[in-house]
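Reviewing the structure listed below.
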Amino acid sequence: MAGRERSPVIDFGNMVAGVLRGAGIDPGRIRGDLAERFRSAHAEVAARRASGEMGFFDLPEDAGLAAATREAALRGRRGVDALVVLGIGGSALGAAALRDALLPPLWNELGGEARGGLPRIYILDNPDPDSVSALLSHLDPSHTLCNVVSKSGTTAETMAHLLVVWRWLERALGAGGIGNRLLVTTSPARGTLRGLAAEFDLPVLPLPEAVGGRFSVLSPAGLLPAAVTGIDIDAVLGGAAVMAGRCATDELARNPAGILATLLHVADTESGARTQVFMPYADRLRGIAYWVQQLWAESLGKAVDRQGRRVETGPTPLPAFGAADQHSILQLLMEGPRDKVVVFLSRETPGEEVAIPSLFRDTPALSYLGGHTLFELLDRERLATAEALRREGRMNLTVTVDRIDAESLGALFMLFQVAVVYAGALYGVDPLDQPGVELGKVLTCGLMGRSGYEVPEIPPPDPRWRV
């Protein structure tokens, strides 16, 4: 289909001078200095990919890993009414985005027949005792598959959830029954989880060594939960492969990820738009906005560049949701500091359509809505918001898919992943590491009494600074 071949499409007219009122990027630069700058960034990414550092590029073509994921999903869902994913950050956000986008709304509230016999899905990420207790008391352990996801096998929150779930399963099924209801997704050759899996004969899926957590959505971290719940992971990978092909060129004007990375980089570094708002106009794309937030923040927010120089750089990603957040942050976007750029996410065709009835014809505030549809209203609000921002000289662009399906989700995942590594090259930072999160992990281990970690001295609250 022609529509699918061109999906996603990036409309960046509201970023360029002559379209954006009173501001914008000179469009001639897209084939001038920005094209040269991007060519260098593309070469850097290509070299790092060739060296084996950027394994996410290769996931769509890894037929063996996809087959192992499908087989594990088929085995794991037998006799199962619920899937519980134990993970956090990149080990959970991709699975949540796939769940929210590709399963029918209110999936967990549907009966077994309406779900086609497929399991409900829950994600335990935050170790909040109220949430964990409520969920486990709601589920039957004999009909629940638990998928623990951690590449290192040392993630404190995930490991704590594992211990809680292990005891929950053991009490109901006995020690010998745990292996039937616990599936491990972890490093292929090392780590605590790999050792536990070997000791207790637990089924394991590997997370490739060259794929970091926030880049793991197209690995078993994201695709195993999707496959268990019946999502077509081959279509997800197919869409990702098509997008990877579109992003293979070093010609900026033809590279969607290059355009996205370059324009957002220029908006930040030259126009002061340090906050990048990712705003889907579809409830089913909310998870994408949260997934992009982590991808952007961990990849680009760095204190030093690749040469070790102090830079403290990186934009601030912020999720927002249309049309609801037109009634919360739009005032700020329109008239607040000119330090923001909005990336709208839209779709051309909804999965369902709801007609607005023609009632109360003598009431102007109601009658004009009749005869339209809810999708028309939502999408025209997006168009109106983008136009309002343009008229105020506020930069924005739109990423559009033809419809929300497995192929378009795979393409979106690949688009943003490729864009963020290009952006890393443009900023001069390493988009693959995250040293800024390590200190908090070390301090947590010390506070929790882990062997080998010093208990940190944290000053008690000073009563002078409390009210």
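The values are calculated or read from the model by the stated rules, or taken from the named source; none is laboratory data. Bear in mind that the values here come from a model prediction, so they are computed numbers and not experimental data. Here Cβ is always computed from backbone atoms with ideal geometry, including for glycine, and neighbour counts include all displayed protein chains. To get the accessible areas, we keep the full protein, side chains included, count just its heavy atoms, and leave off ligands, DNA and RNA. Shrake-Rupley method; radii C 1.70, N 1.55, O 1.52, S 1.80 Å.
Which of the residues belonging to the stretch 408-467 are basic (K, R) and under 28 Å from D305 (Cα atoms)? Selection gives K441 alone. Here is the figure for the stretch 66-88: residues that are surrounded by fewer than 20 Cβ atoms within 10 Å (Cβ to Cβ) and more than 26 Å from S137 (Cβ to Cβ) total 6. Looking across V292, V304, one residue alone is among the aliphatic types (A, V, I, L, M) and buried (at least 17 other Cβ atoms within 10 Å of the Cβ). It is V292. Of the helices (runs of 4 or more DSSP H) that lie entirely inside the stretch 365-467, those containing 3 or more residues that are on the phi < 0 side of the Ramachandran plot and hydroxyl-bearing (S, T, Y) span 406-427.
Considering A134, A114, the condition of being among the aliphatic types (A, V, I, L, M), out of contact with any helix residue (DSSP H, G or I) (no Cβ under 8 Å at 6 or more places or on another chain) and not in a helix (DSSP H, G or I) is satisfied by A114 alone. In the stretch 209-225, the qualifying residues are those that are in a helix (DSSP H, G or I) and over 12 Å from I123 (Cβ atoms), and the one that is most open to solvent (accessible area, probe 1.4 Å) is G213. In the set (1) assigned to a helix (DSSP H, G or I); (2) at pLDDT below 95, R171 fails one condition alone, (2). Note on the stretch 269-289: residues that are more than 20 Å from the chain's Cα centre (by Cα) and open to solvent by less than 10 Å² (accessible area, probe 1.4 Å) total 1.
Each residue in the stretch 174-208 was checked for being part of a helix (DSSP H, G or I) and closer than 19 Å to G76 by Cβ, and 11 pass. Pairs linking a residue in the stretch 139-158 that is modelled with pLDDT under 95 to a residue that is surrounded by fewer than 24 Cβ atoms within 10 Å (Cβ to Cβ) and in a loop (DSSP other than H, G, I, E, B), with Cβ atoms under 6 Å and 6 or more positions apart or on different chains, are K151/S187; S152/G191; G153/G191. Identify all residues within the stretch 41-87 that are among the small types (G, A, S), part of a loop (DSSP other than H, G, I, E, B) and under 22 Å from V236 (Cβ atoms); write none if there are none. Passing the criteria: only G87.
Considering each residue of the stretch 353-360 in turn, at least one proves to be of a type in the set (A, V, I, L, M), in contact with a Ser or Thr (Cβ under 9 Å, 6 or more places away or on another chain) and surrounded by 13 or more Cβ atoms within 10 Å (Cβ to Cβ).
Per the conditions (1) touching a residue at least 40 places away in the same chain (Cβ under 8 Å); (2) touching a Cys at 6+ places or on another chain (Cβ under 9 Å), the sole criterion not satisfied by L182 is (1). Taking the stretch 23-40 as the search range and keeping residues that are over 30 Å from the mean Cα position of the chain (by Cα) and not in a helix (DSSP H, G or I), which one is nearest to D250 (Cα to Cα)? Of everything passing the filter in the stretch 23-40, G32 is nearest to D250 (Cα to Cα). When the stretch 238-258 is filtered for residues that are open to solvent by 10 Å² or more (accessible area, probe 1.4 Å) and part of a helix (DSSP H, G or I), the ones remaining, listed by number, are G238, A241, V242, A244, G245, R246, A253, R254, P256.
Find all pairs meeting these conditions: Cβ atoms under 7 angstrom apart; at least six residues apart or on different chains; first residue within the stretch 160-171 and within 20 Å of R450 (Cα to Cα) and open to solvent by 60 Å² or more (accessible area, probe 1.4 Å); second residue of a type outside the set (K, R) and assigned to a helix (DSSP H, G or I). Here the result reads V164/V132, each pair linking the stretch 160-171 to a residue that is of a type outside the set (K, R) and assigned to a helix (DSSP H, G or I). Only one entry of A63, A47, A17 meets the criterion of being within 18 Å of V217 (Cα to Cα), at pLDDT 95 or above and open to solvent by 20 Å² or more (accessible area, probe 1.4 Å), and that entry is A63.
Cβ-Cβ distances below 9 Å connect the following pairs, each with a first residue in the stretch 91-111 that is over 20 Å from L237 (Cα atoms), a second residue that is assigned to a helix (DSSP H, G or I), and a separation of six or more residues or different chains: P105/D283; P105/R284; W107/R99.
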